[in-house]
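The values are calculated or read from the model by the stated rules, or taken from the named source; none is laboratory data. Because the structure is predicted, anything quoted here is derived from the model rather than measured. In this analysis, Cβ positions are derived from the backbone assuming ideal geometry, glycine residues included, and neighbour counts consider all displayed protein chains. Remember, those area values only see protein heavy atoms, side chains included, never the ligands or the DNA or RNA. Shrake-Rupley method; radii C 1.70, N 1.55, O 1.52, S 1.80 Å.
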Amino acid sequence: MSFLKRFEVWLLIILSLGATIWVFTMDSDPSMDDPQPVLADASSEAALKIHRTTLERDYGNARLDIELRYRNSSPRPLSLQPPDVRLLTADGKEVPPFTLATEKPPQIPAQSAQDVRLRYWLEKGHLNGALILEIRGEKADVKTASPIDLDTLENGKPKTWTGAIQ
């Protein structure tokens, strides 16, 4: 074997052997074995917080956009779609989500908090009472009990509220 007579080959063998021994004898940090995303002050932050709601009339119906922050404390990612996520009327009826075939439902990775936008398709009757968003048992008011007349909103022009709709 003529290649073992070369100095460079022996140098590479020695360096590889040294690197292998170093990797196997290095002390591992147990905190690095299972990295967890850090939650920003999880104790003081609510699991579900609504930042903004936008209502856009589309003739006899309306599209509701809810911008929120949710802290997923579960060890699994959360896909924000029913049955884990529901928009309920005051009498407990579920409002259907507004979905497009090209859009995937938003997801929140495990053990993290993230800002997301949810969309719902409202009928006139949905605006007569309160609307409550429920995500895995956490609830937040989206709309107060005061009714909104859909006919008073300008068609195709969004109206935005900070937090819940008054």
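If the condition is being in a strand (DSSP E or B) and surrounded by 13 or more Cβ atoms within 10 Å (Cβ to Cβ), then the range 140-166 contributes ALA140, ASP141, VAL142, LYS143, LYS159, TRP161, ILE165. Scanning the range 117-131 for residues that are within 20 Å of ARG69 (Cβ to Cβ) and in contact with a Ser or Thr (Cβ under 8 Å, 6 or more places away or on another chain) yields ARG119, LEU131.
For GLN114, the stated conditions hold: it is polar (S, T, N, Q) and modelled with pLDDT of 85 or more. Within the range 110-138, the set of residues being assigned to a loop (DSSP other than H, G, I, E, B) and under 21 Å from GLY163 (Cα atoms) comprises GLY129, ALA130, ARG136, GLY137. The set of residues from the range 75-94 being of a type in the set (Val, Ile, Thr) and either more than 19 Å from ASP65 (Cα to Cα) or out of contact with any His (no Cβ under 9 Å at 6 or more places or on another chain) (or both) comprises just one member, VAL85. Restricting the range 73-109 to residues that are among the polar types (S, T, N, Q) and part of a loop (DSSP other than H, G, I, E, B) leaves a set whose member that is most open to solvent (accessible area, probe 1.4 Å) is THR102. Of all the numbered requirements in (1) under 17 Å from ALA46 (Cα atoms); (2) open to solvent by 30 Å² or more (accessible area, probe 1.4 Å); (3) hydroxyl-bearing (Ser, Thr, Tyr), SER112 misses one, and that requirement is (2).
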